[in-house]
Amino acid sequence: MSCYNEKFQIQSDRRPTFDDVTDRVTAIVEKSGIKNGMVTVYSQHTTCSVLIQEQSDDTNYYGTQFVLQDMVNGLSKIFPTCVTEGQYLHPGPMHIEIAGRERQEEACWSLNTDAHLRSVMLGRSVTIPIVEGEVVLGEFGRVYFADFDQVRARERNVRVCVLGE
């Protein structure tokens, strides 16, 4: 059995963003030489998710596909966007103090509790079968990297692990 690892970067924005990473994942699988096994696509960031969804042909003015915007709208009803301190228990004063001291973070950067909760709900990875060199997503499936953090734009890492023969 072989294992192949690779990562690439995604640039987020100050709004929920979705990047279709399907072609990049497929290229990594091809590069790995593994013909039968599985590929895991993973986010190491606690405000991000990896998901499989149908490609929606319509987009809003920001370029977000309707089906993905519908998901954000639904998640916002469960976990409203954090707009001020005290809206959620997190971040507390100790977290703000430590983040400022040890990571030079601005206090407002911690107003992303909704993003953490949305990420946990959707999950931070997907595993997809590889059969005869093909990533088996189904007829309409696409792999998306989602960043729910709305307090600052950042470069994110997408990790891909291909395992098999």
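The values are calculated or read from the model by the stated rules, or taken from the named source; none is laboratory data. Model, not experiment: these values are computed from the prediction. When we count neighbours, we look across all protein chains shown, and the Cβ atoms used for this are built from the backbone with ideal geometry, even at glycine. Accessible surface areas use protein heavy atoms only, side chains included; no ligands, DNA or RNA. Shrake-Rupley method; radii C 1.70, N 1.55, O 1.52, S 1.80 Å.
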Residues to consider are VAL131, VAL136, VAL83; find the one that is among the β-branched types (Val, Ile, Thr) and at pLDDT below 95.
VAL83
Pair list, Cβ < 7 Å and 6+ apart or interchain, from region 144-158 residues that are more than 13 Å from LYS7 (Cα to Cα) and open to solvent by 20 Å² or more (accessible area, probe 1.4 Å) to residues that are among the acidic types (Asp, Glu) and assigned to a loop (DSSP other than H, G, I, E, B):
ALA153/ASP13
Subset of region 45-62, residues free of Cβ contacts under 8 Å to residues at least 12 places away in the same chain and open to solvent by 50 Å² or more (accessible area, probe 1.4 Å), comes to ASP57, ASP58, THR59, TYR61
Report every pair of residues separated by at least 6 positions or lying on different chains whose Cβ atoms are under 8 Å apart, first residue within region 117-133 and without any contact (Cβ under 8 Å) to a residue 40 or more places away in the chain, second not β-branched (Val, Ile, Thr).
LEU117/PHE79
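If we scan region 101-111, do we find a residue that is under 21 Å from the mean Cα position of the chain (by Cα), assigned to a loop (DSSP other than H, G, I, E, B) and within 18 Å of SER12 (Cα to Cα)?
First, pick out the residues of region 101-111 that are under 21 Å from the mean Cα position of the chain (by Cα): 109-111.
Then keep just the ones that are assigned to a loop (DSSP other than H, G, I, E, B); that gives 111.
Next, only the ones that are within 18 Å of SER12 (Cα to Cα) stay: 111.
Checked against the condition, which is being under 21 Å from the mean Cα position of the chain (by Cα), assigned to a loop (DSSP other than H, G, I, E, B) and within 18 Å of SER12 (Cα to Cα), region 101-111 yields at least one hit.
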Identify the residue in region 19-44 that is touching a Lys or Arg at 6+ places or on another chain (Cβ under 7 Å) and open to solvent by 30 Å² or more (accessible area, probe 1.4 Å) and, among all such residues, is modelled with the lowest pLDDT.
GLN44
